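Worksheet: the structure to be examined is printed underneath.
The values are calculated or read from the model by the stated rules, or taken from the named source; none is laboratory data. Owing to the predicted nature of the structure, the values given are computational and were not obtained by experimental measurement. Every residue, glycine as well, gets a Cβ built from its backbone with ideal geometry; the counts of neighbours run over all protein chains shown.
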Amino acid sequence: MVSKRRFLKTLALSAGMPLTGNGKEWLEWIASQPQNNDFWMQIRGDYELKPDYINLENGYYSMMARPVMEAYLNDIRTVNKEHSYYMRTVQFENKFKTRDRLADLLGCKKEELIITRNTTESLDTIISGIDWKAGDEAIAAWQDYGSMLDMFRQQERRYGMKLKMVSVPNHPQNDEEIVSLYEKAITTKTKLIMICHMINITGQILPVRKICDMAHAHGVEVMVDGAHAVAHMQFKIDELNCDYYGSSLHKWLGAPLGAGILYVKQEKIKKIWPLFGESGFTDDDIRKLNHTGTIPVATDIAINHAIDYHLKIGIERKEARLKFLKNYWTEKVIIKKNVVLNTPVAPERTGAIANVGVKNIPPSQLAKSLLNKYKIWTVAIDNEKAGVQGVRITPHLYTTTEELDKLVQALVELST
């Protein structure tokens, strides 16, 4: 039997890596190779996976790794043991400490960030907090998340503002095509544009900075839905030049359910009305937007464990692995007859998420067949206005190429 160390040395020689360095350096090198399963199988061991099906629907909620889960359970026990004492002494101190770590991770000022429960709460706080007047306009896309579109429509009914819709192409030629799409919808009445950082139904990454720069040149603010971007891809909020940014931490950061963030550019805070009444902070203090009553506060502490686990892997390795997994299966099926890929193929435009359809098979039936016949768990997306009809495939760090081979086999069989 070949020892693990000898195997790694052989692998290093074939890749041209010098045979020097300590064990930690060896592991770091192995981890930097997104196609190498040796390191990623160790990561897989940190997740408690059901054997009943292959989970390729990690976009809705990414389970906590075992080290995060165990630490979270201890946090719940601590809060429960200290009960009202904890709530009246260190509750908010701990929350703000976690907020500060998140601000450092995301690249923004701590005074511009709050911890929320999810992306919907974050962005609906902004949509409902803007002082809309009759005739004001906002721009969104058919690819945007339904909860935020619902909130805009509520403002239409309540204040007489207008929501204008565009549709982002699944396969844009370049960034300028997307920027132009939003720019053409702007009028003198446009107040806000909502865009996705990564579209949830297709995984397409939008050129956020370019859209923000264009919109600001027209005097229009931009709100970004970053539900799938945080801890999935490398970026800093400050570099995006957006006005508002919301995300969910129970997705790619792997925090417990019910954890999100809201970023508001400092000079924009004062004009946003809180979703719930708050008199404890001044109008220009972002904490005024964070009054939600009593919540499961152990989640605030547990975000730290998710950050620790995320940093242990490293965003560079993580992003590379997720892109590799998406490319692995999409490259095999895109050439197949009757298979429709609803996600761009350019590597800079995608991460882990992709959407695939099979001609003449409705999305709901495709998802049902994948689960019942092949034991592959996905989610059907049937959005005709967005031009997206298929199933969303979202592997995670623990996903293996062998599991993706089964997906490829299933799609080939179903399309022939």
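Could you check residue 289 against (1) in contact with a strand residue (DSSP E or B) (Cβ under 7 Å, 6 or more places away or on another chain); (2) free of Cβ contacts under 8 Å to residues at least 60 places away in the same chain and say which number it fails?
Evaluating residue 289 over (1) in contact with a strand residue (DSSP E or B) (Cβ under 7 Å, 6 or more places away or on another chain); (2) free of Cβ contacts under 8 Å to residues at least 60 places away in the same chain leaves (2) as the failure.
So which helices (runs of 4 or more DSSP H) stay within the range 50-144 end to end and still have 2 or more residues that are in contact with a Phe, Trp or Tyr (Cβ under 6 Å, 6 or more places away or on another chain)?
Of the helices (runs of 4 or more DSSP H) lying wholly inside the range 50-144, those with at least 2 residues that are in contact with a Phe, Trp or Tyr (Cβ under 6 Å, 6 or more places away or on another chain) span 66-89, 119-129.
Just to be sure before I move on: is residue 228 surrounded by fewer than 23 Cβ atoms within 10 Å (Cβ to Cβ) and either touching a Gly at 6+ places or on another chain (Cβ under 9 Å) or more than 26 Å from residue 273 (Cα to Cα) (or both) in the structure I sent?
no
Out of everything in the range 210-223 that is closer than 16 Å to residue 181 by Cβ and in contact with a helix residue (DSSP H, G or I) (Cβ under 8 Å, 6 or more places away or on another chain), what residue ends up being surrounded by the fewest Cβ atoms within 10 Å (Cβ to Cβ)?
So, considering only residues that are closer than 16 Å to residue 181 by Cβ and in contact with a helix residue (DSSP H, G or I) (Cβ under 8 Å, 6 or more places away or on another chain), the one surrounded by the fewest Cβ atoms within 10 Å (Cβ to Cβ) is 218.
I'd like the full set of residues that are more than 19 Å from residue 224 (Cα to Cα) and among the small types (Gly, Ala, Ser), limited to the range 76-119.
Of everything in the range 76-119, just one residue is more than 19 Å from residue 224 (Cα to Cα) and among the small types (Gly, Ala, Ser), namely 84.
State yes or no: is residue 67 within 22 Å of the chain's Cα centre (by Cα) and modelled with pLDDT under 95?
Details: within 22 Å of the chain's Cα centre (by Cα): yes; modelled with pLDDT under 95: no.
No: the conditions fail for residue 67.
Restricting the search to the range 127-144, which residues are under 19 Å from the mean Cα position of the chain (by Cα) and surrounded by 22 or more Cβ atoms within 10 Å (Cβ to Cβ)?
Within the range 127-144, 140, 141, 143, 144 meet the criteria.
Just to check your reading of the model, which residue among 299, 294 is closer than 18 Å to residue 114 by Cβ and surrounded by fewer than 18 Cβ atoms within 10 Å (Cβ to Cβ)?
Numbers: 299 fails: surrounded by fewer than 18 Cβ atoms within 10 Å (Cβ to Cβ).
None of the other options fit; the residue is 294.
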